[in-house]
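This report concerns only the one structure given below.
Since every read-out is calculated from the coordinates, none of them should be taken as a lab result. Quick caveat, the model's predicted, so the values are computed rather than measured. Here the Cβ positions follow ideal geometry from the backbone for every residue, glycine too, while neighbour counts run over all protein chains shown.
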Amino acid sequence: MKDILTFFFLIPFAVYSQSTTFDFHAPQNIKKFADYLFCQGDYLRAVEEYESIKNISLNDTIDFKIILCYSEIGLYQMSNLSEVRLSNSVFKNEAECLSLKNRFKESLNSFYQLSEIQFPTFSGDDPVTLNYFNKLISASYLLGSNEVISKEEIINPFDDSEKKTVSSFYDMKTNPSYKSPTLAGVFSAVIPGSGKMYVGEWGDGITALLATGLLAFLAYDNFRANHKTRAWIFTGLGAFFYSGNIYGSIAAAQIFNARVNFEFKEGIKLFLEQENYFLPQYDFCN
């Protein structure tokens with residue numbers, strides 16, 4: 001009797017459960033899940049979900065999100081291949097700009113040299129896309145090219161809020177704050193340690209000056225006292241420190257210059273990241 005009552009008690013729940021079954025594989029539900037992943041920044045899983053429904057739910061927004069996802073996870077070639085599907089969509093110009101950004105990030109330093117060969121024109125000659133292209137050309141010049149270009153030509157594509165920063169980068173590129181390795185070596189040859197001071201390493205410079213001066217004095221004092229063995233030992237040590245201080249000053253200037261180059265390029269890359277490579281922030285999550 002108890003089993004029969006239990007059976008009749010569970011029937012309504014079984015019927016209700018059957019009537020409210022959720023289809024996880026329905027395209028509209030996959031899209032909702034993909035949209036959630038996209039807005040959470042999980043672009044890898046989001047693009048997998050979008051790709052699974054792209055042939056079922058034809059949608060320009062989905063196609064554009066696909067190329068955004070590929071770009072965000074660094075699969076630039078996949079992003080550019082997917083961009084072809086947007087050639088006749090409302091996102092056509094945005095897709096072209098994103099494609100340029102992808103190519104720029106693929107070959108950061110050579111984009112400027114490759115530009116005339118790979119990207120001579122744009123379909124439709126959209127002025128926004130052309131201006132965006134010129135911004136990337138200017139950025140690639142700052143990062144890699146040694147060709148001399150006027151400041152006006154470099155900063156011209158940028159907005160007024162960006163021009164001051166780009167102008168300062170141009171000045172740093174054309175007039176870098178390098179230190180001369182030759183001059184550093186000459187300084188240290190004349191006054192030990194002064195080459196290190198010249199490149200800003202005051203602690204090492206003062207140490208080199210004191211150490212070399214002390215050894216020179218000990219050598220002189222022992223020669224004067226006729227302690228020739230100790231005198232020659234201090235002379236040898238002094239000569240070693242003296243030549244090492246010259247070599248160290250030259251190396252310090254070279255390291256200083258390498259640091260200037262590194263900080264300059266990293267500064268430009270940080271600027272590009274902060275500006276989202278001059279692309280708009282697409283508001284798909286509100």
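Estimate the FRET efficiency between Ala189 and Val84 by the formula 1/(1 + (r/R0)^6), using the beta-carbon distance for r and 41 Å for R0, to the nearest 0.05.
With R0 = 41 Å, the Cβ-Cβ based efficiency is 0.05.
Between the stretch 208-286 and the stretch 132-200, how far is it from one alpha carbon centroid to the other, in angstrom?
For the stretch 208-286 versus the stretch 132-200, the Cα centre distance is 21 Å.
If each residue's Cβ is checked for other Cβ atoms within 10 Å, how do Ser140, Ser249 rank with the fewest at the top?
Ranking Ser140, Ser249 by Cβ neighbours within 10 Å, fewest first, gives Ser140, Ser249.
Which ³J(HN,Hα) values in Hz, rounded to whole numbers, follow from the phi angles of the stretch 204-214 under the Karplus curve 6.51 cos²θ - 1.76 cosθ + 1.60, where θ = phi - 60° and Gly and Pro get x?
5, x, 5, 4, 4, 4, 5, 5, 5, x, 5
Would you mind counting up the charge near Gly248? Only other residues with Cβ under 11 Å from its Cβ, with Lys and Arg at +1 and Asp and Glu at -1.
Net local charge, Gly248 excluded: -1.
Report the local net charge at Phe264: Lys and Arg +1, Asp and Glu -1, summed over other residues whose C-beta lies under 12 Å from its C-beta.
Net charge around Phe264: +1.
Using Cβ counts within 10 Å as a stand-in for footprinting exposure, how do Asp159, Asp63 rank, fewest first?
Listing Asp159, Asp63 from fewest to most nearby Cβ atoms yields Asp159, Asp63.
Going down the table (Lys196/Lys228; Lys65/Lys105; Lys92/Lys173; Lys92/Lys265; Lys101/Lys164), which pairs top 28 Å between alpha carbons?
Lys196/Lys228; Lys92/Lys173; Lys92/Lys265
Can you check how the C-alpha radius of gyration of the stretch 181-271 compares to 2.2 N^0.38 Å, as a plain ratio?
Dividing the Cα Rg of the stretch 181-271 by 2.2 N^0.38 Å gives 1.41.
Rounded to whole Hz and in sequence order, give me ³J(HN,Hα) for the stretch 227-237 from the Karplus expression 6.51 cos²θ - 1.76 cosθ + 1.60, θ = phi - 60°, writing x for Gly and Pro.
9, 5, 4, 5, 4, 5, 4, 5, 5, x, 5
Using the beta-carbon distance between Gln274 and Ser243 and R0 = 51 Å, what value does 1/(1 + (r/R0)^6) give for FRET efficiency, to the nearest 0.05?
It comes to 0.65.
What ³J(HN,Hα) values, in whole Hz, does the Karplus curve 6.51 cos²θ - 1.76 cosθ + 1.60 give for the stretch 67-83 when θ = phi - 60°, with x put for Gly and Pro?
Karplus values, whole Hz, x for Gly and Pro: 6, 5, 4, 4, 5, 5, 9, x, 8, 5, 5, 4, 5, 5, 5, 5, 5.
Pop a pseudo-label 7 angstrom from the Cα along the beta-carbon direction at both Asn226 and Thr182 and give the gap in nm to one decimal.
Placing both labels 7 Å beyond Cα along the Cβ direction yields 4.8 nm.
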